[in-house]
Amino acid sequence: MVADARPTIGYVTSRYPLISHTFVQREVIGLREAGYEIETFSVVRTDPDQILSPTDEAEAEGTAFIRPAGPAKLLRHLVRPALGDLGATLALLRLAGRGWWGDPRQLLWRFFYVAEAVMLWSLAASRGVGHLHAQHANVAANVSWLAAEFGTRVGRGPRSWSFTMHGSTEFLDVERHDLGAKAAAASGVACISDFTRSQLMMVTEPDAWDRFDVVHCGVDPSRFVPDPPERSAEDFTVLFVGRLGSEKGLPLIVDALGMLQERVAPMRVRFLVVGDGPLRDEIAARCAELGVDLELAGAVGQHLIADYYHRADAFCMASFREGIPVVLMEAMACEIPCVAPHITAIPELIEEGVTGLTATAGRADEIADRLERYATDPDFAVGVGKAGREKVLAEFTTARTIVEMGDFFDRVLGLEAT
């Protein structure tokens, strides 16, 4: 297929760039390098504390944001286009309000989406965008859907849209996120795992299923490389990377490390935490209570994160919900033996006892058992680490993601090679 036949694609996210969604940034950059014209749009301007690397700075500089908006921006990108085709605007209001007329609060939010959608359409049209792609089935998808509808009615600007279905948050409230209607309206949906695809199939009609492709997230194995620490009989360092929020189950990891400390003494268990969030103080207090050595590194930019993986003897997560964690892929690419909960799509990444170990969700004792095996059987840990990297190399690299995403866009846009 000729690259010139492709329209410019607008990537739409609730916030871009964002430290917890670095995989989106890698995807955007990779698609550009593969010859796709990609423009980025953020519903809300990213906070400065999320801009942690030179790449973040460059991406933030090139991203158009909808909010906040001053008078001049509102006049140009909302008032003029909305009043310029009032019929299309009224049609958007009817579409957005569909099914919510009895809920004034939700109805008000959806009318806000209309305003944001008109602004997105105008900003995208000014950048020559022909197709919108939303990351996550949240506000980004709501706004992209409406913007494409507006473009269809006025006959210019972006007139089609698609989205990437990550989950698992959206599956907690299918009705509020309007998943079935979004999936039916989109030109295609890129699902990050087979599990995610199956969950979307559950809320849609079978005639929509052939528009759902599986496109894995991925990591760059040349950036996340093995550099194992010198194994010591005195220390065992367990790493966690992520947001310190309730959904991540961090208290379970701390309790497991307390158990592990008792089992492997006099070896010293150390907990290295990369990330920030509301549980920071609680985790620190609990570690002190259980006698677990804790290092809180805070939020770290992608250009520095590999250094922390290289300090770890094991990687651990205990989330109550996940899509298919990119941090798990990063750890595995670095040949770090991993422990993760046996939930959602994680078994698509971790083959039990081969590429990692899983524990029953909510079971600190099982987490402790798995970590103890790594701590007391170094040969097993090394073998699991090597197999984990091979799994990532085979199925979860950025290069593979770009090929799969490119194929997805070519299909969605009707540009498959003939």
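The values are calculated or read from the model by the stated rules, or taken from the named source; none is laboratory data. Please read all numbers here as calculations on a predicted model, not as lab measurements. Backbone-built Cβ (ideal geometry, glycine too); neighbour counts: all protein chains shown. Ligands, DNA and RNA are excluded from the accessible area calculation, which covers all protein heavy atoms including side chains. Shrake-Rupley method; radii C 1.70, N 1.55, O 1.52, S 1.80 Å.
A few comments on the model shown:
- For GLY353, distant residues with modelled amide H under 5 Å away: THR358
- Using the average count of surrounding beta-carbon atoms within 10 Å as a protection proxy, the listed peptides 313-319, 356-362 rank, highest first, as 313-319, 356-362.
- Entry for Kirkwood radius over Cα pairs in Å (calculated from the structure that is shown) out of [x] 21.5; [y] 22.6; [z] 24.3: [y]
- Per-residue packing, averaged as other Cβ atoms within 10 Å, sorts the ranges 77-86, 158-167 into the order 158-167, 77-86, beginning with the highest.
- The C-alpha atoms of the chain define a longest principal axis, and helix 86-97 lies at about 40 degrees to it.
- Measuring nothing but how far apart in sequence close Cα pairs (under 8 Å, 6+ apart) lie, relative to its length, the range 299-418 scores a relative contact order of 23 percent.
- Acute angle (nearest 10 degrees) that the helix 139-154 long axis makes with the longest principal axis of the chain, alpha-carbon atoms: 20
- Cα gyration tensor shape of the range 239-375, rounded if a/c is under 1.5, else prolate or oblate by comparing a/b with b/c: rounded
- Rounded tilt (10° steps) of 22-33 against the dominant C-alpha axis of the chain: 60
- Computed per residue of the chain from DSSP H runs no shorter than four, each worth -39500 (n - 2.57), the mean residue ellipticity at 222 nm is -13500 deg cm²/dmol.
- Mean separation of Cα contacts under 8 Å, 6 or more apart, over the residue count of the range 127-218: relative contact order %: 25
- When each of the peptides 332-340, 54-62, 379-387 is scored by the mean number of other C-beta atoms lying within 10 Å of its residues, the order from highest to lowest reads 332-340, 379-387, 54-62.
- Residue order for VAL114, VAL139 - accessible surface, 1.4 angstrom probe, largest first: VAL139, VAL114
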